[in-house]
Amino acid sequence: MILAMTNLLVTNARIATMRGGRYGEIGEGALLARDAAITWVGAMAELPGSARSGAEAVDAKGGLLTPGLVDCHTHLVYAGSRAREMEMRLAGKSYAEIAKAGGGIVSTVTATRAATNAQLRAATARRLEALMDEGVTTVEIKSGYGLDAEQELRCLRIARSLAADHAVSVSTTLLAAHTVPPEYACRADDYVETICTQMIPRASREGLASAVDGFCESIAFTPAQIRRVFDAAGRHGLRVKLHADQLSDSGGALLAAQYKALSADHLEYATDAGIEALARAGSVGVVLPGAFYYLRETKRPPVDAMRRHGLRMAIATDCNPGTSPTASLLTMANMACVLFGMTPEEALAGITCHAASALGLDDRGTLEAGKRADLALWDANEPGELVANIGGMRPSRVLFEGRVRP
Ligand code: NIG
Ligand code: FE
């Protein structure tokens, strides 16, 4: 998006800078931005005298200013509904049983393939707009419901195209290794070959993906198959992420660490050694409380081990029709505290700076000079309020690239 030069001055704000993953509060603060980048953040009393001239002024009137929120794990591009599966689970069937019986991801693949571009784009846009209403300014969108080269690339194209008419930054991830599509039934290795020799090279060449993801699980792909996918990603200059240890200990965290993954996500069954390895590798651990809740899981991700090993923790919606049908990132932050025992400060870092790191984006997620001027203003007295409520909070204003979002 090309923007004219702008100067922005936000005054009278209580600022949660989120520097270093801490609230880093400034009581009566101000922020200056130029050309979509923050140039100065500090106390009102220290505001440079020249700052007011020629700047578009936003008086926060004592409201709370935070970085724009970052949802670092979504599956927004899909068609159809899986409401029936919820009924089956409530009647006692497990997610894995439903998937093995032909439901699950494959049923969404059928609906997605059948949707027109316009239908798929409109459905995706609705979910994106719901995220944006809550103050999200950066969103990761995975493919994963196309599962052949044309369909996967179509999903990525649709995801990318949404940034052209929405004031949001979109980061796309190729998740062709989501499950084995029906046409490759009993030939998973052949499907992996297609991913490695066709889909990854094309996604990279056509600039459609920033990363490659996979689902390492007994009902999806083995560690050996994921290695092949990750090796191909590396050959084509793409970083990796992994759905790791969600339903069982599959060694996913260790595998992700070996490949210096941007993030390993879910992690309910990750071992202590896996968490330690992720921390050493500089990866981010992404917890997804929506899926934990919706599947009525009981094993929580090892948040204590993450803290002990210094693994940065992010939180995301995992918005998808089967395991986490939600587009409320703030509800996920609340659930990460209530269900997983994270602190509100950790949760806010998990949907700002650490979420940005999970996408390899070091230009956002905190309010400090040099970062993007993606900001959210809230009628809140303290940062913890964003997380203490069960969703329902809406920013009074969002600034994207230094401009008030209409
Ligand atoms: O992140 N774990 C795999 N992928 C999704 C679920 C996708 C689906 O069931 O449609 C997840 O939970
Ligand atoms: Fe997911």
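Pairs are defined by a Cβ separation below 6 Å, a sequence spacing of at least 6 or placement on different chains, a first member in segment 230-254 that is within 20 Å of C196 (Cα to Cα), and a second member that is within 16 Å of ligand 2 (Cβ to nearest atom) and among the charged types (D, E, K, R); the pairs so defined are K241/D213; H243/D265; G252/D245. Residue count for segment 132-155, restricted to those that are away from ligand 1 (no atom under 16 Å from the Cβ) and either farther than 25 Å from T179 by Cα or among the hydroxyl-bearing types (S, T, Y) (or both): 7. For segment 1-110, please list each of the strands (runs of 3 or more DSSP E) lying entirely inside it that holds at least 2 residues being farther than 26 Å from S143 by Cα, in contact with a strand residue (DSSP E or B) (Cβ under 7 Å, 6 or more places away or on another chain) and open to solvent by less than 50 Å² (accessible area, probe 1.4 Å). Hits in segment 1-110: 7-16, 25-34, 37-43, 64-67.
Being away from ligand 2 (no atom under 16 Å from the Cβ) and on the phi > 0 side of the Ramachandran plot is a property that holds for C186. One residue stands out among those in segment 72-105 that are more than 22 Å from the chain's Cα centre (by Cα) and among the charged types (D, E, K, R): the one that is farthest from ligand 1 (Cβ to nearest atom), which is E87. Scanning segment 347-370 for residues that are surrounded by fewer than 24 Cβ atoms within 10 Å (Cβ to Cβ) and among the hydrophobic types (A, V, I, L, M, F, W, C) yields L361, A369.
Residues considered: A273, A277, A224. Of these, the only one that is free of Cβ contacts under 8 Å to residues at least 12 places away in the same chain, open to solvent by 20 Å² or more (accessible area, probe 1.4 Å) and aliphatic (A, V, I, L, M) is A224.
Looking at segment 308-323, can you tell me whether even one residue there is part of a helix (DSSP H, G or I) and away from ligand 1 (no atom under 11 Å from the Cβ)? The answer is yes; a qualifying residue exists. With respect to the conditions (1) open to solvent by less than 10 Å² (accessible area, probe 1.4 Å); (2) touching a residue at least 60 places away in the same chain (Cβ under 8 Å); (3) not in a helix (DSSP H, G or I), T179 falls short on a single one, namely (1). Exactly one residue out of I158, I200 is in contact (Cβ under 8 Å) with a residue 24 or more places away in the chain, away from ligand 1 (no atom under 16 Å from the Cβ), surrounded by 17 or more Cβ atoms within 10 Å (Cβ to Cβ) and within 15 Å of K241 (Cβ to Cβ), and it is I200. Among the residues making up segment 203-218, a single one is part of a helix (DSSP H, G or I) and either modelled with pLDDT under 95 or open to solvent by less than 10 Å² (accessible area, probe 1.4 Å) (or both): A203.
Residues that are away from ligand 1 (no atom under 11 Å from the Cβ) and either open to solvent by 50 Å² or more (accessible area, probe 1.4 Å) or free of Cβ contacts under 8 Å to residues at least 60 places away in the same chain (or both) within segment 284-305 comprise G285, P289, Y293, R296, T298, K299, R300, P301, P302, V303, D304, A305, listed in sequence order. Within segment 239-250, does at least one residue satisfy the condition of being more than 16 Å from ligand 1 (Cβ to nearest atom) and not in a helix (DSSP H, G or I)? Checked segment 239-250: at least one residue is more than 16 Å from ligand 1 (Cβ to nearest atom) and not in a helix (DSSP H, G or I). Contact map, segment 317-346: residues that are farther than 22 Å from H243 by Cβ and open to solvent by less than 10 Å² (accessible area, probe 1.4 Å) paired with residues that are part of a helix (DSSP H, G or I) and more than 12 Å from ligand 2 (Cβ to nearest atom), Cβ distance under 8 Å, separation 6+ or inter-chain. Pairs shown: L330/L386; L330/V387.
The values are calculated or read from the model by the stated rules, or taken from the named source; none is laboratory data. In this text, all values refer to a predicted model and were calculated from it rather than measured experimentally. Virtual Cβ from ideal backbone geometry, glycine too; neighbours counted across all protein chains shown. Ligands, DNA and RNA are excluded from the accessible area calculation, which covers all protein heavy atoms including side chains. Shrake-Rupley method; radii C 1.70, N 1.55, O 1.52, S 1.80 Å.
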